[in-house]
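The values are calculated or read from the model by the stated rules, or taken from the named source; none is laboratory data. The model shown is predicted, which means the values in this text are computed figures rather than measured ones. With ideal geometry, Cβ positions are generated from the backbone for all residues, glycine too; neighbour counts draw on all protein chains shown.
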Amino acid sequence: MGALVRDLLLADLIGFQTANDLANFAAAAELFGNAVRMAGNILNVAGRKVRLGVFPVEIEPHGFANLAEKMALSPEAERLRASIAGQQMIMGVERLDPTKGLLQRLVGFRCLLEKHPEWIRRTTLLQIAAISRKEVSTYRALRTALDREAGSLNADLAEPDWLPLRLVSRGVDRALVAGYMRLARVGLVTPLRDGMNLVAKEYVAAQNPADPGVLILSRFAGAAQQLDAALLINPHDADAMSDALHRALSMPLAERRERWQSMWDAIENRSPIAWGRAFVATLLRASSIAAVVEDRPLRGSVAVVADASPQPAFAAELRAPDLRIAERVGAERELTAMLMPEGAKLN
């Protein structure tokens, strides 16, 4: 642990998905790296200043929303819509991974149907869990356990003309997933631990603003800090998951709209491009100031990346008449422009 922390502290800027992650690392740096915490999320490491920042990774929300609207009318989506006629669909989608809480999710869904039998025949869970890392024994064991739990759930609760669970263990095209998300009344995203979880943001973007679905999100996903209008749950608590599912399936339209609007506002003006520009700007600012103080050539090193929240160009923040910093500001803008797509404008 100590060696890893010390290696990370060689960077000029270390980025984290959430403020909690940043705080945890700062504590570890003080304990294992002899760092001293300063104001403004800066660590003093043997006379060097290392900047820490929170940079939540983002999706392209408008592009995904347009894709979902289009694909919801595709032949594949129409077949799915016809097959669930009269039912409200719950949807989960991720790769098969022990951190995603897939077994706990099925237990929570079973709990819903046993506690609230009125949802039998009126809801169904579509769970896409694409197989990954088949060569790893832990993943093979998870696949076996998931198949066993899925078979047991359907055998115990299904009717001749109704299946509670539809489990798909292969990859599904991203465009189709977007269309399916738009049809889902509930998005069930319940990882046991996740740095961010972009599926939660994609589900929000995929919704019809006039008739949106409800996101149920693990409080242990990084996205929970941005999407706090979701129904936040502990994925280890099957009763809490059952109650959240019942609430989501029963939620009035006005509340669904209000919650969705809050989450859309949190992601609407963010994008991977803005995230990249903001991170590079912060990195170059950190390395520029360090270079001036230490009178060394400009360099920039980074340990962890993430963030989409637009930040003002740091040139405006510079008040000292140090021409070396001003020159490096110009270099930063050139580098930022190089990272932007053709035709985009640099503010």
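A few comments on the model shown:
- The set of residues from the stretch 225-250 being surrounded by fewer than 19 Cβ atoms within 10 Å (Cβ to Cβ) and part of a loop (DSSP other than H, G, I, E, B) comprises Asp228, Asn234, His236, Asp237.
Conditions (1) without any contact (Cβ under 8 Å) to a residue 24 or more places away in the chain; (2) more than 18 Å from Met263 (Cβ to Cβ); (3) of a type outside the set (Gly, Ala, Ser), marked per residue:
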{"site": "Pro117", "(1), (2), (3)": "yes, yes, yes"}
{"site": "Ser137", "(1), (2), (3)": "yes, yes, no"}
{"site": "Trp162", "(1), (2), (3)": "no, yes, yes"}
{"site": "Ala175", "(1), (2), (3)": "no, yes, no"}
{"site": "Tyr180", "(1), (2), (3)": "no, yes, yes"}
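- Hey, Thr190 of a type in the set (Ser, Thr, Tyr), farther than 30 Å from Gln17 by Cβ and modelled with pLDDT of 95 or more or not: no
- Restricting Ala28, Ala23 to those that are in the same structural domain as Val280 (by TED's automatic domain parsing) and either acidic (Asp, Glu) or in contact with a helix residue (DSSP H, G or I) (Cβ under 8 Å, 6 or more places away or on another chain) (or both) reduces the list to Ala28.
- Helices (runs of 4 or more DSSP H) lying entirely in the stretch 21-115 (those with 3 or more residues that are surrounded by fewer than 15 Cβ atoms within 10 Å (Cβ to Cβ)): 61-71, 75-83
- Restricting Leu157, Leu126 to residues that are in contact with a Phe, Trp or Tyr (Cβ under 8 Å, 6 or more places away or on another chain) and crowded, with 17+ Cβ neighbours inside 10 Å narrows the list to Leu126.
- Odd one out for Gln207 among (1) in contact (Cβ under 8 Å) with a residue 24 or more places away in the chain; (2) under 18 Å from Arg95 (Cβ atoms): (2)
- Lone qualifier among Arg170, Arg121 - being out of contact with any helix residue (DSSP H, G or I) (no Cβ under 9 Å at 6 or more places or on another chain), outside any helix (DSSP H, G or I) and under 20 Å from Met241 (Cα atoms): Arg121
Residue-wise test of (1) buried (at least 23 other Cβ atoms within 10 Å of the Cβ); (2) among the aromatic types (Phe, Trp, Tyr); (3) out of contact with any Gly (no Cβ under 6 Å at 6 or more places or on another chain).
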site: Leu183; (1), (2), (3): no, no, yes
site: Leu192; (1), (2), (3): no, no, no
site: Gly195; (1), (2), (3): no, no, no
site: Leu198; (1), (2), (3): no, no, yes
site: Tyr203; (1), (2), (3): yes, yes, no
site: Ala206; (1), (2), (3): yes, no, yes
site: Val214; (1), (2), (3): yes, no, yes
site: Leu217; (1), (2), (3): yes, no, yes
site: Ala223; (1), (2), (3): yes, no, yes
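- For Glu118: the one exception among (1) exposed (fewer than 15 other Cβ atoms within 10 Å of the Cβ); (2) more than 25 Å from Asp161 (Cα to Cα): (2)
- Qualifying residue in the stretch 234-243 (condition: within 23 Å of Val57 (Cα to Cα) and not hydroxyl-bearing (Ser, Thr, Tyr)): yes
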